[in-house]
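Engineer: What follows is a single structure, and I will ask about it in a moment.
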């Protein structure tokens, strides 16, 4: 291949949207661009176009006329994936590529395309897809889950390189395929979408959302059920009983999800203590972190580390998170307040941070040190370089 490569990247997701896989893909593209590789990204017809040097975005036609594609398995995704296959074949016939870089379930059909067209294949593994079927309650059918398990293992065995985004996935792949060309590349990069846009000052956001004089507990991310917002809201009253000046700021979510959670809050008589901002520009998220006193992640399911955790670590703010593998593979009790997975325990974790300034300061300092030591941009780029070099030598 001679160093710089032409890459066909296939993403079976909306791109760009403020969601985990979308952010992860954005950062892959940025690094590949900086390394000088040329990338054609083939993706769904919905999402925001972004400009990255050496990257062209190709979208399949919107034959279903949808405006959004929800997270997780769906019949809409199945239809779009079939169209993705056809377009990928067309692009492989009409253009020259050295490598196919597939994300999520695109790895299944990219395995065959790589063999047919004689291309190298990197499988970017953001999650275990059979587990997704269960987590999103798409199906409990053992036959379908079994088929996905078989396809996933086949993809792992055949790939020339595999990226696991978290230690749990890395360990699982290593267990079933010890000889796989496997790399742990966690989603540690800054998630700004347009680095030249100025960020709104934290003080301005405090005024906008009427947070002066409040102790702010912040959640930032998607509002899917597995994120644990129901658990957090269920226990919120315990925090309010102890700290009447507390305010819960929830950043993210779709319009429908916000309506649902706002209704929950209203039913508990807690509306005065909650603010839902909706989706905000990724450029503003760091300012939301800075205005906050506590950052939370009450996640319940999955094994992939939420992208927010790496940003939380860098923020210099204390973190409260559930003792779940999604968190504990990165966090420990030296850098975060880890709680049992219950409304009572999670609320108590928030209370402990609010009432103990020294504890909050110690955890925040240790978290930032961990981020600088283990989750740096330099390490991310080095891992990507090493992976690509290993492909060239195969």
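Engineer: Quick one: if you stick a label point 7 Å off each Cα along the C-beta vector at residue 79 and residue 372, how many nm between them?
Structural biologist: If labels sit at residue 79 and residue 372, their model points lie 5.2 nm apart.
Engineer: Still on this structure: For the chain, find the longest principal axis of its Cα atoms and tell me its angle to the long axis of helix 167-176, 0 to 90°, nearest 10.
Structural biologist: So the helix axis and the longest Cα principal axis differ by about 40 degrees.
Engineer: Using a Gaussian network for the chain with springs between C-alpha atoms less than 10 Å apart, which of these wobbles most: 370, 82, 184?
Structural biologist: Comparing 370, 82, 184 in a Gaussian network model of the chain, the most mobile one is 82.
Engineer: Still on this model: Between residue 33 and residue 51, how many nm apart are label points set 7 Å from Cα along the C-beta direction?
Structural biologist: Inter-label distance under the simple model: 1.0 nm.
Engineer: So, R0 is 22 Å and r is the distance between the beta-carbons of residue 280 and residue 70; what FRET efficiency does that work out to, to 0.05?
Structural biologist: It comes to 0.65.
Engineer: Assuming 0.36 nm per residue, please report the length gained on full extension of the stretch residue 144 to residue 389 beyond their Cα-Cα distance.
Structural biologist: Answer, rounded to one decimal: 84.6 nm.
Engineer: Taking Cα pairs under 8 Å and at least six residues apart, what relative contact order does segment 205-317 come out at, in percent?
Structural biologist: That works out to 37 percent.
Engineer: If you build a Gaussian network model of the chain, linking Cα atoms that sit under 10 Å apart, which residue out of 276, 109, 117 swings the most?
Structural biologist: Of 276, 109, 117, the most mobile in the Gaussian network model is 117.
Engineer: Related question: For the chain, take every pair of Cα atoms, bin their distances at 10 Å starting from 0, and report each bin as a whole percent.
Structural biologist: Once binned at 10 Å, the Cα pair distances of the chain give 5, 22, 32, 25, 13, 3, 0.
Engineer: Sticking with this one: Return one quarter of the surface area of the convex hull spanned by the alpha-carbon atoms of segment 212-300, equal to its mean projected area, in nm².
Structural biologist: 5.5 nm²
Engineer: At a 10 angstrom cut-off on C-beta neighbours, averaged per residue, how do the peptides 332-339, 262-269, 44-51 rank from highest to lowest?
Structural biologist: Most protected by this proxy first, the peptides run 332-339, 44-51, 262-269.
Engineer: For Cα pairs less than 8 Å apart in space and 6+ apart in sequence, what is the mean separation divided by the residue count of the chain, i.e. the relative contact order in percent?
Structural biologist: Answer for the chain is 13 percent.
Engineer: Mind ranking 154-160, 119-125 by how tightly packed they are, going by the mean number of other C-beta atoms within 10 angstrom, highest first?
Structural biologist: Ranking, from highest mean packing down: 119-125, 154-160.
Engineer: Just 270, 129, 99 to compare: in a GNM of the chain, with alpha carbon springs under 10 Å, which one fluctuates most?
Structural biologist: 270
Engineer: With the cut-off at 1.5 for a/c, could you classify segment 202-374 from its C-alpha gyration tensor as rounded, prolate or oblate?
Structural biologist: Note, shape of segment 202-374 comes out rounded.
Engineer: Under the classification rounded if a/c is under 1.5, otherwise prolate if a/b is larger than b/c and oblate if not, where does segment 318-394 fall, given a ≥ b ≥ c as square roots of the Cα gyration tensor eigenvalues?
Structural biologist: oblate
Engineer: In segment 1-153, what is the volume of the convex hull around the alpha carbon atoms, normalised per residue and reported in Å³?
Structural biologist: Given the Cα convex hull of segment 1-153, per-residue volume reads 110 Å³.
Engineer: Calculated from DSSP H runs of 4 or more alone, at -39500 (n - 2.57) each and per residue, what is the 222 nm mean residue ellipticity of the chain, nearest 500?
Structural biologist: Using -39500 (n - 2.57) per qualifying helix, the result is -14500 deg cm²/dmol.
Engineer: Does segment 342-386 classify as rounded, prolate or oblate by the C-alpha gyration tensor (a ≥ b ≥ c root eigenvalues; a/c under 1.5 gives rounded; else a/b over b/c gives prolate, otherwise oblate)?
Structural biologist: oblate
Each value in this text was obtained by applying a stated rule to the coordinates, not by laboratory testing. The structure displayed is predicted, hence computed values, not measured ones. Every residue, glycine as well, gets a Cβ built from its backbone with ideal geometry; the counts of neighbours run over all protein chains shown.
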